[in-house]
Amino acid sequence: MKNLIEQFYNEGFATTFYKKPVKYINKKIKNKTLVKILSILIKVLYTVIFIGIAIYYLIK
């Protein structure tokens, strides 16, 4: 299960919508707590958006 979750955040659209913004935030912001909070927020948004897209395609 851990491999599937890791794959979800490291392949496909995740490279554009998750990995690049998190890398950019890591480079620009020095406060580690803020970086951690923002990366979790981006991860949650990415997950919710793509689960919504999957549900939309299942209904259609």
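The values are calculated or read from the model by the stated rules, or taken from the named source; none is laboratory data. What you see is a predicted model; the values in this text were computed from it and never measured. In this analysis, Cβ positions are derived from the backbone assuming ideal geometry, glycine residues included, and neighbour counts consider all displayed protein chains. Note: accessible area is taken over every heavy atom of the protein model, side chains too, but ligands, DNA and RNA are not part of it. Shrake-Rupley method; radii C 1.70, N 1.55, O 1.52, S 1.80 Å.
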For region 34-48, which residues satisfy the criterion of being open to solvent by 90 Å² or more (accessible area, probe 1.4 Å) and among the β-branched types (Val, Ile, Thr)?
Ile37, Ile40, Val48
Tyr24: part of a helix (DSSP H, G or I) and loosely packed, with under 13 Cβ neighbours inside 10 Å, yes or no?
yes
Pull up region 1-40, narrow it to residues that are closer than 22 Å to Ile53 by Cβ and β-branched (Val, Ile, Thr), then point me to the one that is farthest from the chain's Cα centre (by Cα).
Ile5
For region 1-21, what are the residues that are open to solvent by 90 Å² or more (accessible area, probe 1.4 Å) and of a type in the set (Lys, Arg)?
Lys2, Lys20
